[in-house]
Amino acid sequence: MTPDEYCRDKAAKSGSSFYYSFMFLPPQKRQAITALYAFCREVDDAVDEIADPEVAARTLAWWRQEVDQTFSGMPSHPVGKALQTALQHFELHPEYFHEIIDGMEMDLQQHTYPAFKHLALYCHRVASVVGLLAAEIFGYQDRKTLKYAEKLGLAFQLTNIIRDVREDAERGRIYLPEEELERFNVSHDDILSLRQTPALTELLQFQAQRARDFYQEAKATLPEGDRFNQRTGLIMSAIYEATLDELEREGFQVMQHRLSLTPLRKLWLAWKTARRERKRAR
């Protein structure tokens, strides 16, 4: 298996909405964004799939070394080798990869967040920084596009947090800010015991509106001249916003099951958005 095949396999097996958006990119950009996504999956799995925190921390430390070796031209992992190919065509900064790992380390160091400003730092590291790297791969002329990518990454992560309340609680993590839990009268025990209370539903409605505000702000910031190059992010936005709509339609019953759009619907949304942006660019 070649490094690129390894990364494509990693992306395909994840079932992520991101995978469907990559289909509409030219080969060079698709190779680079798939390698970036595979890197994110590797470091995320190091935290989520390794039960021993010390082993997880050592794994993240290893990935820090692999980032440095990749940028020095000596990667050892298939993902590092695929990223090395991407570095020949795109200006990707090692500091951003280290910052993504910083975000993953936060999962090992804390399981709650006092206020939204603290959660926003986590979201910036694990999602907005990925958006900034993706913007470099997709291409842009106006630096306002970087602000769009940052806001869109934040919106994606907030959507994930709403969708994954149960899954995160089963790992002992709560990504809903402490001061907002208190404001809506939701206890840690409610969440960790997987109780779907009316108060939790109300809190998630509040979080969903915050996410929608970031989607709107991101798209309003995107310069018209960069829309077509950044269409992959717009495809992901269509899929994520549809997920948020479905969560709302189901009354945010996140403790019952993990909601996911079908692959066919994701593909349809991706095709529809890509077609719209192609027409708009003409």
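Some observations on this one:
- Extreme residue, surrounded by the fewest Cβ atoms within 10 Å (Cβ to Cβ), among residues of the range 176-220 that are β-branched (Val, Ile, Thr) and in a helix (DSSP H, G or I): 201
- The single condition from (1) of a type outside the set (Ser, Thr, Tyr); (2) under 21 Å from the mean Cα position of the chain (by Cα); (3) at pLDDT below 95 that residue 51 fails is (2).
- With respect to the conditions (1) surrounded by fewer than 20 Cβ atoms within 10 Å (Cβ to Cβ); (2) in contact with an Asp or Glu (Cβ under 8 Å, 6 or more places away or on another chain); (3) assigned to a helix (DSSP H, G or I), residue 129 lacks only one, and its number is (1).
- Residues that are more than 23 Å from residue 140 (Cα to Cα) and either of a type in the set (D, E, K, R) or not in a loop (DSSP other than H, G, I, E, B) (or both), drawn from the range 221-258: 241, 242, 243, 244, 245, 246, 247, 248, 249, 250, 258
- Checking 33, 100 one by one, the residue that is in a helix (DSSP H, G or I) and either touching a Ser or Thr at 6+ places or on another chain (Cβ under 8 Å) or charged (D, E, K, R) (or both) is 33 and no other.
- So residue 232, is it outside the structural domain of residue 29 (by TED's automatic domain parsing) and closer than 21 Å to residue 270 by Cβ: yes
- Among the residues making up the range 139-150, those that are farther than 13 Å from residue 129 by Cβ and not polar (S, T, N, Q) are 139, 140, 142, 143, 144, 147, 148.
- Scanning the range 192-223 for residues that are in contact (Cβ under 8 Å) with a residue 60 or more places away in the chain and of a type in the set (Gly, Ala, Ser) yields one hit, 218.
- Residue satisfying condition, being more than 30 Å from residue 19 (Cβ to Cβ) and modelled with pLDDT of 95 or more, within set 176, 192, 154, 158: 192
Listed here are the residues, each with its yes/no results for (1) hydrophobic (A, V, I, L, M, F, W, C); (2) within 25 Å of residue 245 (Cβ to Cβ); (3) in contact with a strand residue (DSSP E or B) (Cβ under 9 Å, 6 or more places away or on another chain).
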position	(1), (2), (3)
126	yes, yes, no
153	no, yes, no
176	yes, yes, no
179	no, no, no
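- For the range 144-167, the condition of being surrounded by 18 or more Cβ atoms within 10 Å (Cβ to Cβ) and assigned to a loop (DSSP other than H, G, I, E, B) holds for none of the residues.
- Put simply, of 87, 92 the only residue that is without any contact (Cβ under 8 Å) to a residue 24 or more places away in the chain and surrounded by 15 or more Cβ atoms within 10 Å (Cβ to Cβ) is 87.
- Under the condition of being small (Gly, Ala, Ser) and either touching a Cys at 6+ places or on another chain (Cβ under 8 Å) or surrounded by fewer than 16 Cβ atoms within 10 Å (Cβ to Cβ) (or both), the residues counted in the range 248-277 number 2.
- Within this structure, residue 82 passes the test of being assigned to a helix (DSSP H, G or I) and either at pLDDT 95 or above or more than 30 Å from residue 177 (Cα to Cα) (or both).
The values are calculated or read from the model by the stated rules, or taken from the named source; none is laboratory data. None of the values given here were measured: they were computed from a predicted structure. Heads up, the Cβs are rebuilt from the backbone with ideal geometry, glycines too, and the neighbour counts pull from every protein chain shown.
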